[in-house]
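To keep things clear, I will list the structure first and then write my remarks on it.
The values are calculated or read from the model by the stated rules, or taken from the named source; none is laboratory data. In this text the structure is predicted, and so the values were computed from the model without any measurement. Glycine also receives a Cβ, built like all others from the backbone with ideal geometry; neighbour counts cover every protein chain displayed. In case anyone asks, the SASA skips ligands and DNA or RNA and just uses the protein heavy atoms, side chains included. Shrake-Rupley method; radii C 1.70, N 1.55, O 1.52, S 1.80 Å.
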Amino acid sequence: GNSVTQMEGPVTLSEEAFLTINCTYTATGYPSLFWYVQYPGEGLQLLLKATKADDKGSNKGFEATYRKETTSFHLEKGSVQVSDSAVYFCALSDRRGGGADGLTFGKGTHLIIQP
Amino acid sequence: DAGVIQSPRHEVTEMGQEVTLRCKPISGHDYLFWYRQTMMRGLELLIYFNNNVPIDDSGMPEDRFSAKMPNASFSTLKIQPSEPRDSAVYFCASSLGTGAYEQYFGPGTRLTVT
């Protein structure tokens, strides 16, 4: 079956530090990959996505590249801000592999940015 | 657009009681999903609908859980009878399609069963 593994948190960084959150996946087909972000008390919001190998998704200074050879989709940002503090979820959708049409999520990484 | 609307935002009930969670998807979205979020298991897909028809309910934990979508603008998730292990945040999401399509999440309903 499909699965997503991401680094455990919490991850605590100082403002303007470089961020990497690792994500690897297992899928039976050829999935689309996503990063969603959840702010306190809110639902999840799409941060970025990539639909095929070597695609780079980017948004709000965050980037992630779809690496099929390493089955990875690591999230990066060059200089984090306090407002980036949230929980980040890596997810996949693998309909073409015959899986369910819903998203398979990682456990989430709680990011804390200190001023 | 108001986004995906869920009600109530918080629900506290006693074990054995019936609980009904409600969701209004974004107008024009053909897919509706119900997820459950817990500390132990993370986010899990419970069931999803396409054009009001349930497509996959393999994630529904047991027969105490049921979901309906009587029309394109309303869905319910019911737990009867509720148990303390059902305590979680329940999210509804909708989308125009699947695969690469973005899912839009509601704010969630935090359910506490005592």
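Annotation: for a label point projected 7 angstrom from Cα along Cα→Cβ of B:Thr76, residues of segment B:1-40 with backbone N closer than 14 Å are B:7-8, B:18-24. Taking all protein chains as shown and a probe of 1.4 angstrom, A:Met7 keeps an accessible surface of around 60 Å². In segment A:43-115, Cα pairs under 8 Å separated by at least six residues give a relative contact order of 21 percent. Using a cut-off of 19 Å between alpha-carbon atoms, which aspartates and glutamates can reach B:Lys68, once sequence neighbours fewer than 8 places away in the same chain are excluded? The reachable aspartates and glutamates, counting only those whose Cα sits under 19 Å from B:Lys68, are A:Asp101, B:Glu18, B:Asp30, B:Glu44, B:Asp56, B:Asp57, B:Asp86.
For chain B, the relative contact order works out to 37 percent when only alpha carbon pairs closer than 8 Å and six or more residues apart are counted.
Could you work out which residue, out of A:Gly78, A:Gly41, A:Gly102, moves most in a Gaussian network model of chain A, that is, has the largest mean-square fluctuation with Cα springs under 10 Å? Highest fluctuation of the listed residues: A:Gly41.
Summarised as an ellipsoid, the protein assembly as shown has semi-axes of 29, 21, 16 Å, derived from the eigenvalues of the Cα gyration tensor scaled by 5 and square-rooted, with the largest first.
Of chain B, which part is the longest with no GluC sites (Glu not before Pro) in a loop (DSSP not H, G, I, E, B) and with at most 11 other C-beta atoms within 10 angstrom? The answer is B:63-114.
Over the whole of B:51-57, what's the average partner chain Cβ count within 10 Å per residue? Rounded to a whole number, please. Walk me through the intermediate numbers first.
Numbers: counts 0, 0, 0, 0, 3, 4, 0.
Mean partner-chain Cβ count within 10 Å for B:51-57: 1.
Note on A:18-27: average number of Cβ atoms from other chains within 10 Å of each residue's Cβ is 0.
How would you classify chain B from its alpha-carbon gyration tensor, with a ≥ b ≥ c the square roots of the eigenvalues: rounded for a/c under 1.5, else prolate if a/b is greater than b/c, otherwise oblate? Before the final figure, lay out each step's value.
On the way: a/c = 1.71, a/b = 1.65, b/c = 1.04.
Because a/c hits 1.5 or more and a/b exceeds b/c, chain B counts as prolate.
Solvent-accessible surface of chain A, averaged per residue with a 1.4 angstrom probe and all protein chains in place: 46 square angstrom.
For the peptide A:40-49, the mean number of other protein chain Cβ atoms found within 10 angstrom of a residue's Cβ is 4. Considering only B:Leu96, B:Leu32, B:Leu46, the Gaussian network model of chain B with Cα springs below 10 Å gives its largest mean-square fluctuation to B:Leu96.
Probe radius 1.4 Å, ligands and nucleic acids left out: can you give me the accessible area buried at the A-B interface, summed over both chains, in Å² to the nearest hundred?
That pair hides around 1600 Å² of surface in total.
Given a 1.4 Å probe and the protein chains as shown, B:Ser58 ends up with an accessible area of around 100 Å². Element breakdown for the protein assembly as shown at a 1.4 angstrom probe: carbon and sulfur atoms account for 48% of the accessible area. When the C-alpha to C-alpha distance is required to be over 25 Å, the pairs from A:Lys60/B:Lys24; A:Lys68/A:Lys107; A:Lys77/B:Lys24; A:Lys56/A:Lys77; A:Lys52/B:Lys24 that qualify are A:Lys60/B:Lys24; A:Lys77/B:Lys24; A:Lys52/B:Lys24. Summary value for segment A:1-51: 32 percent relative contact order, contacts being C-alpha pairs under 8 angstrom separated by 6+ residues. Could you work out the percent of alpha carbon pairs in chain A separated by over 26 Å, rounded to a whole number? Roughly 15 percent, rounded to a whole number. The separation of segment A:1-28 from segment A:36-115, counted between C-alpha centres, amounts to 8 Å.
Here the alpha carbons of segment B:44-93 define both size measures, Rg and Dmax, at 11.0, 33 Å.
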